[in-house]
Amino acid sequence: MTTPFALAIVLTIVGGLWLDAHGAAWAPHVVALWTWALLGALCLRAAPGQRAQWMICLAWATFGEIVLSLWWGLYDYRLGNLPLFVPPGHVLLFALGVWLSERLPHGVTDAVPPLALGLVAACALFGADGISLPLFALYLLALRFGPSPRLYSTMFVLALAMELYGTALGCWTWRPEVPGLPLTAANPPLAASAFYCALDWLTGLYARRAGTRPTPLADASRAG
């Protein structure tokens, strides 16, 4: 993936969420069309193995949104539905994370786990964000057993930035009490990006099982 394409993804996420929050009734439909078009362009430019990864990520992202938002009710989107731009947006964020993980210094990604642990523990101690403790454990599992730890640390920060931006705009809202569990949640939880790490982990796992690419996911950014 080229630098201009990565910049297009950033502008799509930032501008798309802003339009969704502040635009007219037509805005979500325009954002959805643009996001799907950008994903189509990404797939057209990708090698067959990469294209399969994007499709696996899309399938898992759609399933995850249905379970976490519509069924479990951890968070609610502004209009109470699942916006059509969200599943392809997850794929674009994943592609951006792959691209960034190959370019960030090792010192930056290595610093994410200890810094995140301190923030998560502090919030849990004050009872404001209990769900982030098990989510942080999920992130650590991905680091330990997943094939692309640098990607997961990159995604942890990248997805948290998007969560902070999206919730600040009011595009979606996390419920303060976790349905069915005696846990609190901030809006957003500091470790909410662990869900994105799990998505990337599952994408890599199923891509390797399908034989779409023999090398680790983080190497995908070198193609194109």
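No value in this document is a laboratory result; all are computed from the given coordinates. A quick note: this is a predicted structure, and the numbers were derived from the prediction, not measured. Here the Cβ is made from the backbone with ideal geometry for all residues, glycine too, and neighbour counts use every protein chain on show.
Data for the structure
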read-out	value
Highest average packing first - 142-150, 121-129, Cβ atoms within 10 Å	142-150, 121-129
About the Cα centre, charge dipole magnitude for the chain (Lys/Arg +1, Asp/Glu -1 at Cβ), debye	620 debye
Span-rule helices in the chain, defined as complete DSSP H runs reaching 24 Å or more along the axis (Cα) with Kyte mean at least -1.0	3-22, 27-45, 48-65, 106-125, 149-169
Simple spin-label estimate for Trp26 and Leu7 in nanometres, 7 Å along Cα-Cβ	2.8 nm
GNM flexibility winner over the chain from Gly89, Gly23, Gly107 (Cα, springs under 10 Å)	Gly107
Length added when fully stretched, Leu117-Trp72, from 0.36 nm per residue minus Cα-Cα	13.6 nm
Prolate/oblate/rounded call for the chain, Cα gyration tensor, a/c under 1.5 rounded	oblate
Mean-position separation - Cα centroids, the stretch 57-101 and the stretch 1-45, in angstrom	14 Å
